[in-house]
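Notes follow the structure.
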């Protein structure tokens with residue numbers, strides 16, 4: 001792969017990472033609807049570099065590399081590409097993985113099929129997956145794989161039921177950004193440790209990002225109308241004189 005091509009993909013993906021994942025938490029709820037499990041991930045600016053596989057030159061930190069991408073200042077002289085072909089494979093699926101919050105269909109434990117790779121958990125589908133390692137309370141991304149998740153994780157893999165997303169500043173989750181086909185998020189029997197991550201009963205409201213454009217616009221309009229109605233009701237109550 002030519003470095004110029006790599007730069008274009010990396011810069012484009014950095015912008016998607018910023019919009020979709022940077023400083024965000026993802027809560028994957030997976031397994032059996034009657035006895036679901038969860039994995040909570042966090043995505044910091046410094047993690048983006050690990051997903052690309054390139055090696056930055058001395059003096060360029062992971063956050064420096066990310067900043068250069070976002071500013072459009074990344075140069076072919078800023079990094080090197082290993083000759084083992086891993087970068088080409090990572091960059092082939094990196095655009096897809098920037099939408100992991102709505103494309104991950106399975107969760108699995110890494111089976112160490114690749115002796116030179118260390119990761120712990122995998123989230124993805126039959127074409128690509130992202131690897132995570134645990135640090136404290138969260139799992140952090142540390143690799144991208146152009147692999148069918150079923151080929152690089154221990155069997156059986158577990159089906160992703162719902163994915164929630166929030167900013168790291170927010171304490172609790174609200175709306176799902178992905179719900180598996182045939183799953184009613186409100187009917188999941190959640191253990192207390194997962195329930196505690198929600199401020200209110202789990203919502204079935206779909207993420208607007210997943211809707212077709214026309215439906216997305218209608219959903220926004222409906223939400224605005226509902227908000228306006230609620231404001232009018234509150235205003236009317238306040239203006240009603242007491243007898």
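Just checking, does segment 5-15 include any residue being closer than 24 Å to residue 153 by Cβ and surrounded by 13 or more Cβ atoms within 10 Å (Cβ to Cβ)? So far as segment 5-15 goes, yes, one or more of its residues are closer than 24 Å to residue 153 by Cβ and surrounded by 13 or more Cβ atoms within 10 Å (Cβ to Cβ). Residues considered: 176, 141. Of these, the only one that is crowded, with 21+ Cβ neighbours inside 10 Å, without any contact (Cβ under 8 Å) to a residue 40 or more places away in the chain and under 21 Å from residue 43 (Cα atoms) is 176. Residues of segment 86-115 that are more than 13 Å from residue 128 (Cβ to Cβ), within 25 Å of the chain's Cα centre (by Cα) and surrounded by fewer than 18 Cβ atoms within 10 Å (Cβ to Cβ): 88, 102, 109, 111, 112, 113, 114.
Values in this text are rule-based calculations from the coordinates and carry no lab data. Predicted model only: the values in this text are computed from it and were never measured. No Cβ is skipped: glycine too gets one built from the backbone with ideal geometry, and neighbour counts run over all protein chains shown.
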